[in-house]
Structure formats: structure tokens, C-alpha cells
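Single-structure report; data block below.
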Amino acid sequence: MQQNSWDVIIVGGGSAGLSAALMLGRSRRRVLVVDARRPRNRFAGHMHGVIGRDHTSPLDLLADARVELARYDGVEVREGAVAAASVDRDDDATGDGPRLLVELDDGTRHAARRLLVASGVQDVLPDIAGLAEQWGRGAFLCPYCDGWEHRDRRIGVLATGAGSMHQAQLMRQLSAHVRVFAEGAQLTAADRAGLLARDIPLEQRRVVAILADADGRLTGVRLDDGDELDVDALFVAPEQVPDDGLLRALGAVRAPHPMGGEFTAVDPMGRTSVPGVWAAGNVTDPRSSVPFAMAAGNAAGAAINADLVAAEVAAAVAATAAGTRRSATAPV
Ligand SMILES: Cc1cc2nc3c(=O)[nH]c(=O)nc-3n(C[C@H](O)[C@H](O)[C@H](O)COP(=O)(O)OP(=O)(O)OC[C@H]3O[C@@H](n4cnc5c(N)ncnc54)[C@H](O)[C@@H]3O)c2cc1C
């Protein structure tokens, strides 16, 4: 027995999930957003590259979005986690599509006509002492998000993968003092030529610790021979692991992403291979920006509403043909 029935359940209330909820709330849909409140950028004091909100707290953006959503009486944003999701295939005969069943970590069970997964990614950092404490503070992912604040400073780039050369060259646009820590990285001849030509030194000794002052501000790195180098900010490309356990359990098809890794395959509006299931934001796409996630959520919200409208039109046409249609009263 299901306790609650919704038009749409959204897993994740970050930029993608809340944008979708806004579109659906404005379409008079009954929407449950379940959010574990661990957005990817929660470590950052300020976010950048987001017009109208540059250099503001990313958590304030989401708090403001939740206040805006309170205007729409069909939308409920609940703190918690979705523990499981499944398709109720027995309920496929209605013409509305299969019902999606969801169980929350508080044990409550919910059913919905459509499901949107906007659960983001986990950043897995290299195992270096002191690095996790600096994430979002002195160690960063994205030159567009945090580069300008460190222009002309001493920048270190920890080469962890293909994205690291891109980070180094983007940061060279902002500072003449960029150094790449390359131990263990597979650099191509073109990578090396590009670094040499732009006066970016390569450090082959391994970074074993990130150093900070008494206030916790990043000051440098310690190398495996004990030597210490001064650095004002570090750029690191972590492994980005999509939080897609629910999508995997539902059997959503995955595909290699051009930026590396495998992500759930979606069409341009966020539709997955599983009927009734959409996905948006970082969980489908490692490109790390709030505007991208907002746009994906906005598109998915509109597409889900259009899909529901199409099902409702088909049901009304069938009922009209059968002579069983009750006259609709348009909501005023
Ligand atoms: C350190 C750092 C700094 C950044 N700075 C910037 C910046 O300045 N500008 C910028 O544009 N981008 C920035 N980004 C990128 C930005 O964080 C992401 O683009 C954005 O958060 C993606 O939004 P999303 O909604 O897809 O995922 P998220 O914001 O990560 O939201 C996903 C939500 O889903 C929840 N969730 C996950 N699983 C479940 C579940 N089973 N049940 C319920 N809820 C669940 C999570 O707790 C989370 O609240 C930064 C990233 C990092 C790591």
C-alpha cells in the first residue's frame, strides 16, 4: 500500500532538481522533492560564473530557491534521502505509463507518475594528507569557478588525469606562476610541449601533504623528499563518480562521456531509457557548473510536464471516443 501519490518525485534538491520543481510547480503538478542537502559545491564559500549571483554563497542560492518554491502549493521539498526506486510494472495498463515507486530513508513509500533523478556526483580526491580539508577553500576544481580570485598568485596543478593539462593552461591565462605536479600522470608529448611553451614548470616529485597556516589557509605542498614549495592555490581534477545508484537499479542505459567516465544516457531534455524516468544535472554530465545544472533541470521539468499533458490528452481522446468523458472543469 502506497502512502502518497504524486505527479512527479524528484530525487535531489540542488540546482537541477529545484529548477525542475519550479517548472512543474508552475504547471500545477504535485511534486515531492527529496533532498539529502549535500550539494556538490557545499564546500565553497562563494560561487562564481552564475549571473546575478556571482560571488554569493551556493547554499544561499538553494535556500532562496526553496523559499520561491513555497509559492507553489503542489510542491513539497523534504529533507531526507531516497533509498530505493522501482517500476510498478503491474500498473502499466492505465495508459499513463508505469507507476514509479520510491522508498525514503524514513521508511515512507511514495508513488509517482514520473521520476526525475538529480542526485549529482561525488568528487573522489587523491589520497593526500590535508587535501580534503582544503577542498573548496584552497584546493579547487574549476578555473572558471575559482581561478579569477587567484589571478597572479602561485598556482599548483595536481596532475591527476586528462583534465589537468586543461586546468594548467586555463590557469596560465590568469597567472604567470603556474606549476604542474605531474608524478604518476601520463603526459603526452603535446602536453609537455604546451607546458614548456607557456613557461609552466613540471615538478616530478610526488606531493605527500598539503600545508596550511594556523588559520587553515593553504600555504604550500610537501614533496616526497621532504622539500616544501610555496603555493597559494591548488587545482585538482578529482574522479567524478555519479550518484546514480537509483538509475542503475532501474536499469537506465549508460554511455561513456566525452570528458571521461560512464554516465546515464539522456536525450536533450533529460529522458533516460527507462519509461517515465528522467535525469538531470551532474548525475548525467560531469561539466561542473550551476547554470548547466539549472538549464538541464529546467528542460527536464518542462519535458516531464509535456509528457504528462500528452498522456492526459490521449486519455481524454480515448474517453471521448468511448463516450465516458466527464466534462472537464478548468482550474481557475
Ligand atoms: C568545490 C566546488 C566548487 C564549485 N564552484 C562552482 C561555482 O563557483 N560555479 C558553478 O557554476 N559551479 C560550481 N561547482 C559545480 C556545482 O557544484 C555543480 O555544477 C552543481 O552543484 C550541480 O548541481 P546538481 O543539482 O546536478 O547537483 P548537486 O548540487 O550536487 O545536488 C544534488 C543533490 O542531490 C542530493 N542527493 C543525492 N542522492 C540523493 C538521494 N538518494 N536522495 C535524496 N537526495 C539525494 C544531494 O544531497 C544534493 O543535495 C563547484 C563544484 C565544487 C566541487
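The values are calculated or read from the model by the stated rules, or taken from the named source; none is laboratory data. These figures come from a predicted structure and were not determined experimentally. Counting neighbours? That spans all protein chains shown, and the Cβs are built from the backbone with ideal geometry, glycine included. Protein only, heavy atoms only, side chains kept; ligands, DNA and RNA dropped before computing areas. Shrake-Rupley method; radii C 1.70, N 1.55, O 1.52, S 1.80 Å.
Ranked by the mean number of other Cβ atoms within 10 Å per residue, highest first, peptides 311-320, 31-40 order as 31-40, 311-320. Highest-first packing order for the peptide set 134-140, 274-280, 147-153 is 274-280, 134-140, 147-153, based on the mean count of other beta carbon atoms within 10 Å. Binning the alpha carbon pair distances of the range 117-170 at 10 angstrom intervals from zero yields the distribution 19, 54, 24, 3, 0, expressed in whole percent. For the chain, the alpha-carbon coordinates run over 82, 37, 35 Å along the three principal axes, in decreasing order. Helix-only arithmetic for the chain: the sum of -39500 (n - 2.57) across DSSP H runs with n ≥ 4, divided by the residue total, places the mean residue ellipticity at 222 nm at -8500 deg cm²/dmol. If you plug the beta carbon distance of residue 173 and residue 37 into 1/(1 + (r/R0)^6) with R0 = 25 Å, you get a FRET efficiency near 0.10. Between residue 241 and residue 162, the distance separating the two model label sites (each 7 Å from Cα on the Cα→Cβ line) works out to 2.1 nm. Placing dummy labels 7 Å off each Cα toward the beta-carbon, the span from residue 71 to residue 248 is 4.0 nm.
Return one number: the angle in degrees, 0 to 90 and rounded to the nearest 10, between the long axis of the Cα atoms of helix 15-25 and the longest principal axis of the Cα atoms of the chain. In the chain, helix 15-25 runs at an angle near 20 degrees to the longest axis. Relative to the longest principal axis of the Cα atoms of the chain, the long axis of helix 290-322 makes an angle of roughly 10 degrees. Given a 1.4 Å probe and the protein chains all in place, what does the accessible area of residue 177 round to, in Å² to the nearest 10? The value for residue 177 is about 100 Å².
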